[in-house]
1. Given the structure, is Asn130 on the phi < 0 side of the Ramachandran plot and assigned to a helix (DSSP H, G or I)?
2. Name the residue that is nearest to the chain's Cα centre (by Cα), counting only residues in segment 153-201 that are closer than 16 Å to Asp214 by Cβ and touching a residue at least 60 places away in the same chain (Cβ under 8 Å).
3. Taking the criterion of being modelled with pLDDT of 95 or more, surrounded by 18 or more Cβ atoms within 10 Å (Cβ to Cβ) and within 13 Å of the chain's Cα centre (by Cα), would at least one residue in segment 67-74 satisfy it?
4. Yes or no: Cys140 within 29 Å of Ile49 (Cβ to Cβ), in contact (Cβ under 8 Å) with a residue 12 or more places away in the chain and buried (at least 19 other Cβ atoms within 10 Å of the Cβ)?
5. How many residues are free of Cβ contacts under 8 Å to residues at least 24 places away in the same chain and either closer than 25 Å to Gln216 by Cα or touching a Lys or Arg at 6+ places or on another chain (Cβ under 9 Å) (or both) when one looks only at segment 32-74?
6. Considering only segment 167-191, state which residues are farther than 24 Å from Gly142 by Cα and surrounded by 19 or more Cβ atoms within 10 Å (Cβ to Cβ).
7. Among helices (runs of 4 or more DSSP H) lying entirely in segment 140-225, which contain 1 or more residues that are β-branched (Val, Ile, Thr) and closer than 21 Å to Val105 by Cβ?
Amino acid sequence: MGRSLVGSLVGSPSRKMKTVTLRETPATGVLPNFLVESKGGYMVQQLTIDRGDILFLYTDGIEESKRRFRNSSFEEILCQEGEKDTAHATHTVGQGDEELGPERVEAIINAAMNKQQYVLHKYHNPEGENHDLKFDFTRCNGTVEEAIMAMVSVEQIFRLYKDPKAGEDSRVLVDKKVDDFLRRHFNQYRDYCYDTMENPGNDAYILYTNVKEDEQYDDLTILGVYRK
């Protein structure tokens with residue numbers, strides 16, 4: 001399948017993330033094998049990690065997760081804060097959406113690994129520009145599993161929005177593990193995730209009602225490797 005991987009290394013004892021740039025190679029599944037082999041095949045790349053280091057490998061679906069801009073009436077809009085095509089924080093003027101982005105992903109990992117709080121700010125937020133969403137990771141243990149759950153859970157809330165027109169028939173499918181993590185660490189859980197229904201046919205998931213979400217365009221695959 002055509003996915004690119006991003007590598008991030010959390011070093012001990014600093015427990016701060018740094019991005020590891022690997023040599024560019026073709027995405028798997030996009031080109032036929034004979035063509036890849038004619039170019040020398042896939043390059044084997046070695047990376048040395050020290051004891052206590054954690055290596056995160058994840059598909060670009062997490063960084064490229066998107067949410068659409070909306071006005072206070074929850075109508076989709078384009079950014080108009082500046083001259084067209086100039087930079088405005090996470091996006092450019094004239095654009096109608098923003099990505100979660102590598103800076104947010106890095107901040108989420110650092111907050112989870114260091115048992116800190118994380119604040120998610122959404123630009124052109126229909127609920128108000130000052131309506132930030134807060135996650136409290138201070139009760140975490142700083143594990144690889146918690147950092148992965150933090151990334152997946154914040155990404156879920158990044159795409160979620162509470163449209164006042166949304167009723168019980170507006171449903172968002174959520175993994176129960178994500179729901180449990182949000183219940184423990186998302187400060188505004190009761191505002192966004194409290195109305196639920198069981199998901200018929202697959203009890204590993206739950207349905208949030210009275211909320212909407214922007215479409216998830218790509219799946220999320222995350223691998224964490226810890227060297228003891």
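The values are calculated or read from the model by the stated rules, or taken from the named source; none is laboratory data. Everything numeric here is computed off the predicted structure, so don't read it as measured data. For neighbour counting, all protein chains shown are included, and Cβ atoms are generated from backbone atoms with ideal geometry for every residue, glycine included.
1. Judged against the criteria, Asn130 is not a match.
2. Result: Glu155.
3. So far as segment 67-74 goes, yes, one or more of its residues are modelled with pLDDT of 95 or more, surrounded by 18 or more Cβ atoms within 10 Å (Cβ to Cβ) and within 13 Å of the chain's Cα centre (by Cα).
4. It is true that Cys140 is within 29 Å of Ile49 (Cβ to Cβ), in contact (Cβ under 8 Å) with a residue 12 or more places away in the chain and buried (at least 19 other Cβ atoms within 10 Å of the Cβ).
5. Of the residues in that region, 2 qualify.
6. Arg171, Val172
7. Values: elements: 144-159, 176-185, 189-192.
The qualifying helices (runs of 4 or more DSSP H) are 144-159, 176-185.
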